[in-house]
Amino acid sequence: MKHGRLFATLACVALALAGCTGTNAAGGGDVIHIGLTNPLTGAAAFAGVPVDRGARVAVDEINSSGFLGAGKKLELTSDDSTGDAAKAIAQFRGFASEGDVATICCTVSTEAGSLAPLVQREKVPTVVTGATLPGLTAPPYLYRTIALPSSPGGMYDQLVDAVAAAYRPRTAVVAVTADNGGQVDDSKVWTSALQRNKVSIVRSIDTFTADTDFSAVAAQIMAAAPDVLVESMLGSKSALLTKALRDRGYQGRILSSYGVATPPIFEAGGPAMAGTLFPIPFTPLADNDRTRTFVKLYRNAHGVDPDLFAAQGYNAVWFLAEGLKRAGKADRAALAQALSALPSFPSVSGNTYSMKDGQAVLSDKVQFLQWNADGTQRLWP
């Protein structure tokens, strides 16, 4: 049990005759507890830290606006999973036993896949922020508020189609983080898109989460001399491979997921990241009121613009808040049913996501960005 909650529980015992409320979210008190298990350190921290910050911006906005009703407040407790599935499981169990009405989790697919059966068994409404493992959602308890980039006609298909039309590549190499289920599944989508565009895949190369030296992998890619390299990899690893390749003089196009979109990833790769192309479901430049409000709140709180991972955390909390308001009480079963009945929810990307079987679906076309050598980004083409 968290120390803050232990203190609050003891205080309520002492003040029971005075009618203390709010320590147990499932009991319908004024304080509604939500748990967040998320990598704040480790290889996925580049995504986990902004997810945490975006979620907290949403909590502050919801509380200050009185969105949930008079006296109703959200309280978010976050634990650092470090990207470790065993830690994520232990943290989820802690949140469940403490009476949290809902949880948010899973920047990486290994955590999501391990937690999914437990979420169903414990019947705790849970929202996945970033893991792209296919077939993950299971209403009324497990939801994902990001559109899958690997869905048919989705971000990866759109990017490969656009690159094939612009550059007419003939050969490609696909590099995969082979011990990450989401990246492995994504690599199949990249491969299919390349083949559909008649790009010959001359080699597929496995890399691993623990890898830090990509010189050998870079040498293999240089030997294959592909027109295009697709990095179906964790963002930090993708940056290291890109640097190793550019240092060796590789001149081909490099395509990656939006995992490379944040400044910490650019810092890992440096100017070598210039020209790396990726699809982007959120940009702070979007011209709509909801995005502008989010950007202003986030900038005031953290002094920088939000990235797509911050938007994921923000959207997840607002999705839960919409369900809580519809449910009318902080009860797990009522929240689960309310969430399952939500046909859509507004996102800070300026689009409305429809919900299908617990999965956010975005029908609009996405934009593509590329890194510049000075660490800025620009739209492509």
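The values are calculated or read from the model by the stated rules, or taken from the named source; none is laboratory data. Model, not experiment: these values are computed from the prediction. Using ideal geometry, Cβ is built from the backbone for each residue, glycine included, and neighbour counts are taken over all protein chains shown. Please note that ligands, DNA and RNA were not included when accessible areas were found on the heavy atoms of the full protein model with its side chains. Shrake-Rupley method; radii C 1.70, N 1.55, O 1.52, S 1.80 Å.
Somewhere in the range 197-209, is a residue in contact with a strand residue (DSSP E or B) (Cβ under 9 Å, 6 or more places away or on another chain) and in contact (Cβ under 8 Å) with a residue 60 or more places away in the chain?
Yes: the range 197-209 contains one or more residues that are in contact with a strand residue (DSSP E or B) (Cβ under 9 Å, 6 or more places away or on another chain) and in contact (Cβ under 8 Å) with a residue 60 or more places away in the chain.
Does the range 210-227 contain at least one residue that is in a helix (DSSP H, G or I), among the polar types (S, T, N, Q) and surrounded by 16 or more Cβ atoms within 10 Å (Cβ to Cβ)?
No: the range 210-227 contains no residue that is in a helix (DSSP H, G or I), among the polar types (S, T, N, Q) and surrounded by 16 or more Cβ atoms within 10 Å (Cβ to Cβ).
Exactly one of these conditions fails for D79: (1) touching a Ser or Thr at 6+ places or on another chain (Cβ under 9 Å); (2) of a type in the set (D, E, K, R); (3) farther than 22 Å from A330 by Cα. Give me its number.
(3)
Out of the residues in the range 228-258 meeting the condition of being in a helix (DSSP H, G or I) and open to solvent by 10 Å² or more (accessible area, probe 1.4 Å), tell me which one is farthest from G130 (Cα to Cα).
Once the filter is applied, the top-ranked residue is D247.
Looking at the range 46-58, is at least one residue open to solvent by less than 10 Å² (accessible area, probe 1.4 Å), within 21 Å of the chain's Cα centre (by Cα) and over 14 Å from F309 (Cβ atoms)?
Among the residues of the range 46-58, not one is open to solvent by less than 10 Å² (accessible area, probe 1.4 Å), within 21 Å of the chain's Cα centre (by Cα) and over 14 Å from F309 (Cβ atoms), which makes the answer no.
With in contact with a helix residue (DSSP H, G or I) (Cβ under 9 Å, 6 or more places away or on another chain) and over 25 Å from R326 (Cα atoms) as the only criterion, which of V31, V127, V57, V49 stands out?
The match here is V49.
Applying the selection to the range 41-98, what residues are in a strand (DSSP E or B) and of a type in the set (D, E)?
Passing the criteria: E75, D79, D80.
Given the structure, is A274 open to solvent by 10 Å² or more (accessible area, probe 1.4 Å), within 22 Å of L308 (Cβ to Cβ), modelled with pLDDT of 95 or more and out of contact with any Pro (no Cβ under 6 Å at 6 or more places or on another chain)?
For A274, the condition - open to solvent by 10 Å² or more (accessible area, probe 1.4 Å), within 22 Å of L308 (Cβ to Cβ), modelled with pLDDT of 95 or more and out of contact with any Pro (no Cβ under 6 Å at 6 or more places or on another chain) - is met.
Residues that are open to solvent by 30 Å² or more (accessible area, probe 1.4 Å), modelled with pLDDT of 95 or more and of a type in the set (A, V, I, L, M, F, W, C): does the range 286-300 have at least one?
Scanning the range 286-300, I find at least one residue that is open to solvent by 30 Å² or more (accessible area, probe 1.4 Å), modelled with pLDDT of 95 or more and of a type in the set (A, V, I, L, M, F, W, C), so the answer is yes.
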